[in-house]
Amino acid sequence: MTTLTLIGKPDCHLCEVASEVVDTVVAELPDAAAERLEIVEASIAEDPALYELWWEKIPVVLIDGELHGHWRISPDRLRTALEEKFRREDEPR
């Protein structure tokens, strides 16, 4: 399972746009990939630790805890990152 975390705060226009980008990209993924993706939304307004880490950069997207992007989230870049992640997971070890 891959976890995509979207960190933002209420009443944040860029956060709303980032959420729409995430929703659009996930909707375009093949069903088998989308089923392997957990989406978590977190707010810096509710978590002091997240606030300390990310207040200057929201919205922030993490893939499996690693920074993917912040401020303006590119649908193409997010799609490519998720596709590459799933491809790597599917490779024989």
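The values are calculated or read from the model by the stated rules, or taken from the named source; none is laboratory data. Computed from a predicted structure; not experimentally measured. Counting neighbours? That spans all protein chains shown, and the Cβs are built from the backbone with ideal geometry, glycine included. Heads up: the accessible areas ignore ligands, DNA and RNA and are worked out on the full protein's heavy atoms, side chains in. Shrake-Rupley method; radii C 1.70, N 1.55, O 1.52, S 1.80 Å.
General remarks:
- Single unsatisfied condition, P92 versus (1) surrounded by 10 or more Cβ atoms within 10 Å (Cβ to Cβ); (2) without any contact (Cβ under 8 Å) to a residue 60 or more places away in the chain; (3) not charged (D, E, K, R): (1)
- Of everything listed in (1) open to solvent by less than 80 Å² (accessible area, probe 1.4 Å); (2) not in a loop (DSSP other than H, G, I, E, B), the single unmet condition for R87 is (1).
- Some residue of region 1-11 being under 14 Å from R79 (Cα atoms) and assigned to a helix (DSSP H, G or I): no
- Residue check, L14 touching a Phe, Trp or Tyr at 6+ places or on another chain (Cβ under 7 Å) and either of a type outside the set (K, R) or open to solvent by 30 Å² or more (accessible area, probe 1.4 Å) (or both): yes
Conditions tested, residue by residue: (1) over 15 Å from L82 (Cα atoms); (2) among the aliphatic types (A, V, I, L, M); (3) at pLDDT 95 or above.
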{"residue": "L14", "(1), (2), (3)": "yes, yes, yes"}
{"residue": "T24", "(1), (2), (3)": "no, no, yes"}
{"residue": "L29", "(1), (2), (3)": "no, yes, no"}
{"residue": "A45", "(1), (2), (3)": "yes, yes, yes"}
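- Test: V40 is part of a helix (DSSP H, G or I) and not aromatic (F, W, Y): no
- Any hit, region 56-72, residues being open to solvent by 50 Å² or more (accessible area, probe 1.4 Å), assigned to a helix (DSSP H, G or I) and closer than 21 Å to E16 by Cβ: no
- Looking at A32, A27, A45, just one residue is open to solvent by 60 Å² or more (accessible area, probe 1.4 Å) and not in a helix (DSSP H, G or I), and that residue is A45.
- Test: residue in region 73-84 that is part of a loop (DSSP other than H, G, I, E, B), under 17 Å from P10 (Cα atoms) and modelled with pLDDT of 95 or more: no
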